[in-house]
Amino acid sequence: MAGPWWIFLVTGIAWLIVAKIVLDADWGSVGAIAVMAGFLFIAAGVNEFVAAGVSEGWRWLHFILGLLFILAGVFAFIRPGTTFLSLAAIIGWYLLFKGFLDIVVSLSNRSFDLWWLGLVVGITELLIGFWAAGSPRQSVELLIIWVGAAALARGMMEIILSFRLRGVQRA
């Protein structure tokens, strides 16, 4: 893991900028959202290729994910309307399944002190999933928030990773 730590710092900052743009933008155009998702997919693909270059295990999986992200980004540029509607529909259903899974996992791990936190998160995801899956307009709003929040979380994680890598290199 003694790779170029600063690359993760730069990509983390870029993710934070993307999150700011997504969450602050006036989304009057479906195409603009799909193009932004395309940029996010391509950035995630490049990031996976960088991660493959510095990781020792599961390198092949990073390469496959990188390729899939870049293909999704290209598709988003070619068919923005289809991309937008697909992402909006998927997000609600994803939260339904993820919420159910988080509830099951938290209930099966009640020996941990914070098992209830997973239960609360799972119930929240389930409720938001039902809300979004029931209406295309709500799915669209959730998609915008989800893309912005995902970019924000990824940016913060990569900045933290960059400083951890730097600490490992110094040690």
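The values are calculated or read from the model by the stated rules, or taken from the named source; none is laboratory data. The structure presented is a predicted model; accordingly, all values stated were derived computationally and were not measured. Cβ coordinates were reconstructed from backbone atoms using ideal geometry, including for glycine residues, and neighbour counts include every protein chain displayed. Remember, those area values only see protein heavy atoms, side chains included, never the ligands or the DNA or RNA. Shrake-Rupley method; radii C 1.70, N 1.55, O 1.52, S 1.80 Å.
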> Accessible area per residue of the stretch 17-170 at 1.4 Å probe, in Å²?
Replying inline: 61
>> Leaving out ligands, DNA and RNA, and with a 1.4 Å probe, what % of the accessible surface on the chain is carbon or sulfur?
In response: 76
>> From the alpha carbon gyration tensor of the stretch 10-95, can you work out the equivalent ellipsoid semi-axes (sqrt of 5 times each eigenvalue) and give them in Å, largest to smallest?
In response: 25, 16, 11
> Is the shape of the stretch 103-171 rounded, prolate or oblate, going by the alpha carbon gyration tensor and its root eigenvalues a ≥ b ≥ c, with a/c under 1.5 for rounded and a/b larger than b/c for prolate?
Replying inline: oblate
>> Can you match Rg and Dmax of the Cα atoms in Å to one of these, (1) 17.8, 53; (2) 17.7, 59; (3) 21.7, 91, based on a calculation from the structure here?
In response: (1)
>> What distance in nm separates the two pseudo spin-label positions at S108 and I17, each 7 Å out from Cα along the beta-carbon direction?
In response: 4.3
> What shape does the stretch 44-130 take by its C-alpha gyration tensor, where a ≥ b ≥ c are the square roots of the eigenvalues and a/c under 1.5 counts as rounded, a/b above b/c as prolate, and the rest as oblate?
Replying inline: oblate
> W131 versus V54, label points 7 Å from Cα toward the beta carbon: distance in nm?
Replying inline: 3.7
>> Starting from the 7 Å offset along Cα-to-Cβ, what nm value, one decimal, do you get for the label separation of W93 and F39?
In response: 2.9
>> Treating only the Cβ of Lys, Arg, Asp and Glu as charged (+1, +1, -1, -1), what charge dipole size does the stretch 93-169 show about its Cα centre? Round to the nearest 20 debye.
In response: 180
> Where in the chain are the helices, taken as whole DSSP H runs, whose Cα atoms extend 30 angstrom or more along the long axis and whose Kyte-Doolittle mean reaches at least 1.6?
Replying inline: 30-54
